[in-house]
Each structure stands twice: as structure tokens, then as C-alpha cells.
Amino acid sequence: MTERQTSPTVLETADVVILGAGPAGLTLGNLLHAAGVDCVVLERADRTHVQTRARAGFLAANTVRVLDRHGLAEGLRRHGRPHGVCEFRTEDGSFRLDYGALGRREQHTVYPQQDLVTDLLTHYLDAGGRIAFETEAQSVQEAAGPRPTVTVRDAEGRPGRWSARYAAGCDGRHGAARRSLPAGTRRYHRDHGVSWLGLLAEAPPSMDAVGYAMHPAGFAGHMARTADITRYYLQYERGTPADAWPEERIRAELDLRMRTAEHGPLHHGRIVQRTVIDLESDVIEPLRHGSLLLAGDAASLPAPAAAKGANLAVLEAELLAEALIEDLAHGDSRALDRYSARCLAHIWRAQDFAHWMIQFLHSPAGPDGESFFHESMRRSRVESLRTSRTHQDWFAENYVGI
Ligand code: RFL
């Protein structure tokens, strides 16, 4: 084990200080460290928490290519499973899309995010990378100048400071990097007005497809995670606490909305995680403010309806690593100057598709004319996806693509 303890109580230095040990920060840390760049990762949580936080599971083909390119895909190559089919269940019947054979003919790899994070962390530490757990970044100061300072607090509340050439904000949507952006930074935010109850169940997958069910009672989703774990989603009234529904109610809602009477039973299993997810999107623009650069959820949050967040995080981390290496190793800052625009092109594409998915899967409740309009549009979209090969190719390209 080469994990080093760093004390935040004194001024420490690194060329790149990375805030956050999620997919973005750890991919970036691995790439920079492999290129000989002096970097450190500062992580608020402890190692166990980081390695056990269950979130994403569907990795895009490009994510696998990036991780492969840098020798970081061994675990997902060994344990991840290819996935390429969706099943849609609606009031007008059901249909399946073999999306892996449509569009660019790419598949997802199903591999739990916590396993990916564990692989990235283990690789980084084994290579001698520096990380400080239980070290919360408070702010990034003097980002407009040549050496930003990251102020931190350790688990006992002791303050410290890191001086760097660059600070990489990979600390998510509520992290210190976003809080340190200058006044006037553009933040595009959209609340889609829909919430989900996200569930992890100790149950084998019940279908060989991602299941999307549109029902008058609300949306329900089924996604495989491992041979023994399934993620379910239920559309949920905004503001309802995660523990409001007893397990019997959850089972009944899943059965109703997934139409098990028609399509066969679900494996319910014991529910081991419940999270309320308000479907929101936001984007920071630009992603660079002097020597502070954002990546992953810190840069943009695509609503999880399209499973893009972890995939964007890995893509952006690679682009940022390349740009920082060009600058620090070769004195060429042109890639850093282009970093924000390059990422934003991918981000807005992902945002557009996530927005389309939200409209496709839900329709606003209520008897007014507007909801009739949205509901009719939703049904028309479903019918178009069911019958149009062109629409199916478009869906496949955007669903797996990044
Ligand atoms: P992360 O993973 O949130 O990691 C940020 C890290 O920063 C730490 N941190 C701080 N550290 C130091 N100082 C501070 N002040 C700090 N503040 C925070 C945190 O402890 C954490 O360790 O961000 P990153 O790296 O940008 O990665 C983003 C992804 O985690 C996220 O986009 C995905 O999980 C979204 N997502 C999915 N994405 C996909 O690509 N495919 C999926 O199938 C998928 N499914 C999902 C998802 C997100 C979900 N939730 C819970 C919103 C399913 C769900 C239910």
C-alpha cells in the first residue's frame, strides 16, 4: 500500500491539486500521475465511503475505450457485462430495441460505479499516487493568478492549504470548486419537475433488458447491476421522504407500473438503498476560470434519466489530463484554452438527450390542456420509436454515445 497520509495543517504544494475522488478525479489523477505530473487528490470522505457509494452502472463504449487506452479497464473487462437491449412497456403494448445492433452498433458495459472507483483508486495508489482522504476542500482562492491556493479542513476540523499551478474541480455539484467560481459565472439550471425514488434491491435482474415502463401511475425502470443486484426506479411525488413507502407499497407499485400481470413477475429482493432523485440538469459555462478547471458533475449535471454523468466525467478527465500534460510538460497551453469548448460540445449533446428522455418517459400530471398536449406528444414519440428505423438509429447513437 503506497497510500500516503498528508497533513493539511501546513502549506503543501503540488502542480495539480484535484478536488474529489470520484470517476472524474481518479481518472484524472491516474493519467497525470502516469505522465509524471506532480498531483494530489483531496477527498472529503474516507476510503470505505468512496469505494462503496453505489450510483452509476451503465458505461458507454467510449468510456471503456478511454479506460482501456490508459490501462485502467482490467476490472471492467473481467467483470463487466455487455448490454444492448431496452424494453419499453406502455399502455399501447410493449416493444424491444436491440440498440446494440442499431446506430453505431455500440453496447453499454454494465459495471457498478463503486467497482470502477475501487479499480481507479487501487491503480492510483499502487502506482504511488498521492491522496488525502477525510480532507475537505473549503475554497479555491486566487484562481485568476498563476498559483491558486486550495484551503482545506481535515476530519478534526484542522485547517490547511495547498498551493498549486492548477486546481481541478472534480468534487461534484455541491463541491468547493463550484462555490469558488467568480461572480457572474453562467450556470444554466433546469428543474424538470419530476422526481424518482432510486432503489437498489438484492435481487437478480428480472429481464435481459433495461426496462422502461410508462404507466398512468408514473414511470418505473429496471436496470441490471450485477447477477444479484438490480436497480429499480419509481416516479415519486416531489418532496416525499425516501423512507415514506413501506416495502410492500414499493413492490405493488413496481408490479403495477411494470405490468407484471402481462409480462411476468419481478424479483423484488430486499431493498438495500433508497435515494430520492429530483431530475435536474445544469451546466457551468465556461469550465475554466484561470487556473481552476471543472470536470464531471462539478462541470455539468445531466439528469440521470440518460445515464450520462459518469461517462462525461471520464471523457472530460481524459481531455483535461491531455491539456494539463501539454501545458506542464511541454509549455503548450493551447489544449487548455480549448478544454472548455471541447467539453461543452459533449455536455450539451448529453443534456439534449437527457431532456428528450425525460419528456419521453414522463408526462406532467393534471387534467389541464397542457398535460393532454404533453401526454399526446409522449405517446407519439413512443410510436415513432417503435416504428421508425431512423428514429431507432438516432436513439441508439445517443443512448450509448458520448
Ligand atoms: P462524484 O462521483 O460525485 O465524486 C465527487 C467526489 O468529490 C468528493 N467531494 C469533495 N472532496 C473534497 N472536498 C470537497 N469540498 C468535496 N465535495 C465533494 C465527494 O465525496 C466525491 O467522492 O463526481 P464525478 O467524479 O464528477 O462523477 C460523476 C458521477 O458520479 C455521476 O455523474 C453518476 O453517478 C451519474 N449517474 C450515472 N451516470 C452514468 O454515466 N451512468 C449511469 O448509469 C448512472 N446512473 C447516476 C446513476 C447517478 C445517480 N444518482 C445517485 C444521482 C444512477 C443514480 C441513482
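Keeping the other protein chains in place, figure out the carbon and sulfur percent of the accessible area of the range 88-137, with a 1.4 Å probe.
Working: 700 of 1860 Å².
So the carbon and sulfur contribution to the accessible surface is 38 percent.
Sort His355, His108, His49, His289 from largest to smallest accessible area, using a 1.4 Å probe on the heavy atoms of the protein chains.
Reading off the accessible areas and sorting them downward yields His49, His355, His289, His108.
If you keep only loop residues by DSSP, which trypsin sites (Lys or Arg not before Pro) in the range 213-299 have at most 15 other Cβ atoms within 10 Å of their Cβ? Intermediate results must be reported in sequence, preceding the final value.
Details: sites: Arg225, Arg231, Arg238, Arg249, Arg251, Arg257, Arg259, Arg270, Arg274, Arg288; in loops: Arg225, Arg238, Arg259.
Loop-located and lightly packed - Arg238.
With a cut-off of 18 Å, note down the residues of the range 42-73 whose backbone N falls inside the zone around a label point 7 Å from the Cα of Ala155 toward its beta carbon.
42-53
With equal scatterers on the alpha carbons only and no solvent term, can you work out the Debye log10 of I(q)/I(0) for the chain at 0.10, 0.13, 0.14 1/Å?
Debye curve over Cα of the chain, log10 I(q)/I(0) at q = 0.10, 0.13, 0.14 Å⁻¹: -0.68, -1.10, -1.24.
Taking 7 Å along the Cα-to-C-beta vector as the label spot, tell me the Arg104-His49 distance in nanometres, rounded to one decimal.
About 3.6 nm, to one decimal.
Full extension from Arg389 to Trp348: what is 0.36 nm times the residue separation minus their Cα-Cα distance, to one decimal in nm?
12.3 nm
How tilted is helix 334-361 with respect to the longest principal axis of the chain? Cα atoms for both, answer in degrees (0 to 90, nearest 10).
Roughly 20 degrees, rounded to the nearest 10.
Treating the beta-carbon of each Lys and Arg as +1 and of each Asp and Glu as -1, no other charges, what is the dipole magnitude of the chain about its Cα centre, to the nearest 20 debye?
Using only the charged Cβ atoms, the result is roughly 300 debye.
What's the angle, to the nearest 10 degrees (0 to 90), between helix 113-126's Cα axis and the longest principal axis of the chain?
Relative to the chain, helix 113-126 is tipped by roughly 20 degrees.
Can you tell me the orientation of helix 23-34 relative to the chain, as the angle in degrees between its alpha-carbon axis and the longest Cα principal axis, to the nearest 10?
Tilt relative to the chain: about 40 degrees.
Calculated FRET efficiency, Glu91 and Ala341, Cβ-Cβ r, R0 45 Å, to nearest 0.05?
Using R0 = 45 Å, I get an efficiency of 0.55.
What does the charge count near Leu279 come to, summing +1 for each Lys or Arg and -1 for each Asp or Glu among other residues with Cβ under 12 Å from its Cβ? Don't jump to the answer; show the numbers that get you there.
Details: positive: Arg190, Arg238; negative: Asp191, Asp278, Glu280, Asp282.
Net charge around Leu279: -2.
Can you give the helix-only mean residue ellipticity at 222 nm for the chain, where every DSSP H stretch with n ≥ 4 adds -39500 (n - 2.57) and the sum goes over all residues, rounded to the nearest 500 deg cm²/dmol?
-11500 deg cm²/dmol
Multiplying the sequence separation of Arg190 and Ala144 by 0.36 nm and subtracting their Cα-Cα distance, what value in nm do you get?
13.7 nm
Sorted from largest down, give the three principal axis spans of the alpha carbons of the range 46-146, whole angstrom values.
57, 31, 30
The values are calculated or read from the model by the stated rules, or taken from the named source; none is laboratory data. If you're wondering where the values come from, they're calculated on a predicted model, not measured in any experiment. Cβ coordinates were reconstructed from backbone atoms using ideal geometry, including for glycine residues, and neighbour counts include every protein chain displayed. These accessible areas exclude ligands, DNA and RNA; they are computed on the full protein's heavy atoms, side chains included. Shrake-Rupley method; radii C 1.70, N 1.55, O 1.52, S 1.80 Å.
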